[in-house]
1. Report the residue, chosen from A:Ala200, A:Ala376, A:Ala20, that carries the largest GNM mean-square fluctuation when chain A is represented by alpha-carbon nodes joined by springs under 10 Å.
2. Summarise the accessible area of chain B (1.4 Å probe, protein heavy atoms) by the percent that is carbon and sulfur.
3. If I take every Cα pair under 8 Å that is 6 or more residues apart in region A:335-382, average their sequence separation and divide by the length, what percent do I get for the relative contact order?
4. Could you sort the residues of region B:8-40 by number and keep only those whose accessible area is reduced by 40 Å² or more in the all-protein-chain setting relative to the chain alone, 1.4 Å probe?
5. So if I restrict to the alpha-carbon atoms in region B:45-144, what is the Rg, and what is Dmax, the biggest pairwise distance, in Å?
6. Given Cα positions, please report Rg to Rh for region A:262-410, the hydrodynamic radius being the Kirkwood one.
7. Under a 10 Å cutoff between Cα atoms, tell me which one of B:Val43, B:Val280, B:Val387 has the largest fluctuation in the Gaussian network model of chain B.
8. Quick check: convex hull over the Cα atoms of region B:83-190, volume per residue in Å³, rounded to an integer?
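The values are calculated or read from the model by the stated rules, or taken from the named source; none is laboratory data. This is a predicted model, so every value here is computed, not measured. Virtual Cβ from ideal backbone geometry, glycine too; neighbours counted across all protein chains shown. Side chains are part of the model used for accessible areas, which takes the heavy atoms of the whole protein and leaves out ligands, DNA and RNA. Shrake-Rupley method; radii C 1.70, N 1.55, O 1.52, S 1.80 Å.
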Protein chains: 2
Amino acid sequence: MSGRAFDFGSLFAPGPAPAAGRFSGFPRYNFVGGHNDPDAVPVDDLIAAASSVLAREGRTLATYGLQSGPQGYRPLREFICRKVAARGEIQCGPDDILVTSGSLQGLDLVNEVLLQPGDTVLTEQLTYGGALTRLARKGVEVVGIPLDEEGLRVDALRATLEELRRRGVRPKFLYTIPTVQNPTGAIMGLERRRAVLAAAAEYDIAIFEDECYADLVWSGERPPALRALDTDGRVVHIGSFSKSIAPALRTGYVVADWPVMSRLLACKSDGGSAALEQMVLAEFCARHFDAHVETLNQGLQVKLQALVDALGEQFGTAAEFTVPPGGIFLWLTLPAEVDTAALAPKALAEGIAYNPGPEWSTDAAPARHSLRLCFAHPSVEAIRDGVARLAEVCRRETGVPERIANVDRS
Amino acid sequence: MSGRAFDFGSLFAPGPAPAAGRFSGFPRYNFVGGHNDPDAVPVDDLIAAASSVLAREGRTLATYGLQSGPQGYRPLREFICRKVAARGEIQCGPDDILVTSGSLQGLDLVNEVLLQPGDTVLTEQLTYGGALTRLARKGVEVVGIPLDEEGLRVDALRATLEELRRRGVRPKFLYTIPTVQNPTGAIMGLERRRAVLAAAAEYDIAIFEDECYADLVWSGERPPALRALDTDGRVVHIGSFSKSIAPALRTGYVVADWPVMSRLLACKSDGGSAALEQMVLAEFCARHFDAHVETLNQGLQVKLQALVDALGEQFGTAAEFTVPPGGIFLWLTLPAEVDTAALAPKALAEGIAYNPGPEWSTDAAPARHSLRLCFAHPSVEAIRDGVARLAEVCRRETGVPERIANVDRS
């Protein structure tokens with residue numbers, strides 16, 4: 001519209017930088033974010049679920065909170081209780097569950113209830129980038145605990161806790177992703193979980209456990225959740241349906257006791273999370289969750305294999321990674337010549353998007369040569385072509401990987 | 001669970017008071033909030049819409065933002081453009097629209113982008129209570145502008161702006177609900193809208209226009225939105241599907257130009273609003289919106305009439321109100337003996353819930369004897385019985401209304 005004379009520029013409060021530009025679609029080789037496999041969306045069963053739940057309860061859309069109140073659609077909370085019991089050994093009731101608008105909202109609510117500027121929080125040294133940006137925005141000090149192949153290292157955790165105690169600092173909580181860690185894919189074993197809880201008890205800290213990826217373990221076997229092993233009530237637990245069903249449904253949950261839950265509720269002033277998602281998920285999951293996740297996991301393993309094969313063919317020994325035991329991400333480390341943040345825009349210009357390592361690390365330096373690849377969303381063909389193109393861009397810009405003569409690059 | 005030794009009490013950040021207790025269902029005579037008419041939820045057409053849109057596009061649930069990006073499902077934005085053009089004369093394109101998780105999120109985002117503690121905001125003296133609590137929580141000074149039967153008074157607006165200018169204060173914006181004002185139901189006429197815009201131009205302030213109730217005008221006639229009349233680009237506009245379709249769907253929208261929109265997007269870090277709602281609403285509304293709203297409005301008028309009749313029968317001359325020209329609320333003023341905030345818990349003990357006036361007023365005193373009744377949700381029978389009971393409780397507690405001998409109260 002012409003003649004827009006009013007200047008909002010003088011009115012803006014300080015905040016995040018404005019969005020750079022309009023959405024222009026996805027890159028051709030889209031390895032970023034937590035997008036899922038379009039082929040795995042259970043469309044027919046979701047349609048059936050939507051039809052039956054709306055026919056039975058559609059009238060309840062007329063009230064905020066349906067007939068269930070602010071903690072969310074009760075049948076969904078009941079399903080979540082069964083799921084976390086069967087898969088994570090968490091014993092809880094529907095009143096211990098808060099349905100959130102994605103686990104992102106769970107993250108925001110827990111942070112809002114517990115954190116003030118100047119507080120200290122412990123995280124894994126490599127962790128979910130969205131958590132790091134939120135903690136930074138809150139003015140919180142973040143200390144990253146190094147990981148090994150099983151996740152966060154207890155010796156490092158204890159050393160950090162002792163050092164902080166010496167300085168008179170009590171961290172508000174340890175934020176940990178113990179089952180299919182983001183980005184490394186590690187699964188923390190039972191003994192280590194007990195050791196983490198013991199350290200938390202000794203230093204009297206809370207634990208904020210994020211199991212958003214935990215339903216996607218190929219073998220179907222995973223240790224009990226920290227919340228299940230904890231006997232002191234120090235663990236707040238979040239989960240999600242974004243990875244097991246579909247991210248656009250924006251439905252996650254928090255498991256917490258009433259002192260924390262009552263404050264989460266006081267902060268959740270949104271009139272309730274979207275009801276249709278909750279109703280359809282409850283209806284679908286009650287019948288189909290296990291079979292769906294099994295099918296999804298099989299498909300994800302096929303894609304992971306394609307990625308692993310492509311990395312081997314295109315990068316050879318230049319690609320260092322552990323094959324994840326589940327989930328949708330692979331954490332790739334390249335040689336020291338490669339600055340993955342600097343490479344990212346060059347790759348994007350060729351249609352390849354990935355998440356540069358430093359965005360997933362509490363300290364940029366250890367992750368400078370690493371990147372995270374999401375293999376769930378692109379097709380097998382896009383995975384192969386995308387990795388081949390990435391290798392070319394990388395070679396052009398950094399000299400690695402060296403050309404492998406016997407691979408056809410056409 | 002027993003043995004919960006960990007004390008979160010020492011960890012909580014300052015924040016809202018914890019939720020008082022668990023949800024225990026709705027009161028029998030539920031006149032609070034913006035709940036809608038269960039009979040008017042278009043269940044069958046929503047089922048059909050869900051089936052067709054999921055069959056066609058269900059795969060897109062695999063990506064955050066579907067295929068439309070962070071501003072929301074494009075067909076829904078396109079529908080919103082058609083709707084605000086047809087009903088409010090706003091000319092805009094899909095890129096001027098941000099779909100939000102209810103208009104509440106729109107309110108929060110606009111406040112986040114524009115407000116800092118110590119800022120001044122103008123509102124109608126009687127206004128949406130949720131806006132007042134949010135502004136208070138942000139540490140913003142709120143100045144209420146008195147209303148008459150057409151909404152906010154321009155002479156009072158100008159006097160306030162002049163006084164503030166004299167004190168060196170430039171308000172960040174005027175928050176106004178010009179079409180079916182909440183709680184009074186007033187519709188601001190065309191001339192007054194022009195006068196409000198002229199005052200805003202003279203004092204160079206922004207306007208935050210909330211038209212959440214505007215589709216529910218009985219006559220179907222309403223003046224153009226302030227955003228439509230504005231030629232300077234000073235109006236940010238929000239709307240909602242909560243009142244026209246169903247509140248539990250949590251879907252609203254903001255209409256704004258790119259300087260504001262780009263900052264709203266930067267603050268909207270939720271991974272997108274729930275997708276299923278957006279898809280189903282777009283599919284349903286494209287075919288059925290006008291016919292549905294007409295049916296809804298007819299049903300609401302029936303309920304309003306029942307309320308008006310009941311108030312006349314039970315309260316007689318003690319009840320002072322203007323019959324609203326649309327919407328779901330009636331603003332009732334009782335005699336000076338009645339303190340509606342003090343009466344509310346007594347009424348609730350008898351199963352009657354209403355919103356006491358002071359919660360909807362920038363200054364408690366002028367609203368002390370008033371209350372807001374939502375007539376959309378209760379049945380006609382519940383409206384009659386609820387008003388009768390309310391009159392009894394009121395008489396018992398305050399002496400008014402006097403008993404009207406010829407009405408059967410059994």
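1. Of A:Ala200, A:Ala376, A:Ala20, the most mobile in the Gaussian network model is A:Ala20.
2. So the carbon and sulfur contribution to the accessible surface is 49 percent.
3. It rounds to 36 percent for region A:335-382.
4. B:Phe8, B:Leu11, B:Phe12, B:Ala13, B:Pro16, B:Pro18, B:Ala19, B:Arg22, B:Phe23, B:Phe26, B:His35, B:Pro38
5. My reading of the Cα-based Rg and Dmax gives 17.7, 51 Å.
6. 1.10
7. Residue with maximal mean-square fluctuation among B:Val43, B:Val280, B:Val387: B:Val43.
8. Working: hull volume 13.3 nm³, N = 108.
Here the figure is 124 Å³ per residue.
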